[in-house]
1. Mind telling me which of the residues 248, 262 ends up being under 20 Å from residue 206 (Cβ atoms), out of contact with any strand residue (DSSP E or B) (no Cβ under 8 Å at 6 or more places or on another chain) and in a loop (DSSP other than H, G, I, E, B)?
2. Within the stretch 135-156, which residues are of a type in the set (Gly, Ala, Ser) and under 25 Å from residue 214 (Cα atoms)?
3. Being within 13 Å of the chain's Cα centre (by Cα) and small (Gly, Ala, Ser) narrows it down to one of 225, 236, 192, so name that one.
4. Give me the pairs, please: first residue somewhere in the stretch 190-218 and on the phi < 0 side of the Ramachandran plot, second residue anywhere and among the basic types (Lys, Arg) and at pLDDT 95 or above, beta-carbon distance under 7 Å, and either six or more positions apart or on two chains.
Amino acid sequence: MRFSWARQNSQRTISVLSYERFGIAEIPFCIARWHDSVEPEYDCGNGPTGKAEALSARLPIQFDLLSNARDSLRRAVELMAWDDLNSDHAKLKHAITNAAHAIELLLKERLRREHPAFIWQNVDKYRSLQAQTVTAEAAVSRLTTICNLTFTDSDKATLLAIRTTRNAIEHYEWHASEAEAKVIVGNALSFALGFAEEHLGIDLSADFKRDDTWRLLIEQAQEFARVHSLRIATKAPNVFLMLCDECGTEMVTDAGGCLLCGHWQDTEI
């Protein structure tokens, strides 16, 4: 269970994020309000009659490609960042499938921006929900030949590994060491974030910096921190980087900001 803080009219408000985001409606959604030197007051909805559920019931379910990708990426990141969400093996499995889903949708979003018909395997069947859309592999091929995007050998290996592993999980059996699984997830998350920023103009990492999720991801998913640091460093080849006091990576610029975790520190010797 996590808490997010906000200030409203001299009151401190804590939103208790219960397990309702996992679809368990019986657990109430609670708002606790504090006044100075006063006991907290609770405003709790109970199941379907709660305020959160009532508001959700009035809104239509709607996910476009980008919001759908964002949602799956958030699930993958939270599984890797927060210890209390699942067992290690189960959370690695679900992190892989969610990361693979997010990547496929991000690739399709870039195709959509070129032309929506390119999302369909057969462009003549554009908009038919009964027709097949392109696979991640076909999306990469079209992005390369039609949109002139380039994918490094490392990124191609990442896409192959996440696709193969996802297929094994969803369609047959999955056997891997924990270390191997962490590498696959770390590489996939880094690719998703890097692709979104470079080719969609969106900093998806900002979604996780509103609370402790980004910090915990760097701490818990060391393979991600390592590979994402390398990805960031290649985008700033002429910047002298120093060791970060917060996350321990050599990602601090001479201005004092860490390109990975965002920590600021004094760089004067």
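The values are calculated or read from the model by the stated rules, or taken from the named source; none is laboratory data. Quick caveat: nothing in here was measured; it's all calculated off a predicted structure. Positions of Cβ are generated from backbone atoms using ideal geometry, with glycine treated the same way; all protein chains shown enter the neighbour counts.
1. Just one listed residue meets the conditions, 262.
2. 154
3. Only one candidate qualifies: 192.
4. 199/110; 200/110; 204/70; 207/70; 207/74
Conditions tested, residue by residue: (1) surrounded by 13 or more Cβ atoms within 10 Å (Cβ to Cβ); (2) within 17 Å of residue 100 (Cα to Cα); (3) in contact with a Gly (Cβ under 6 Å, 6 or more places away or on another chain).
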residue	(1), (2), (3)
179	no, no, no
188	yes, yes, no
200	yes, no, no
216	yes, no, no
241	yes, no, no
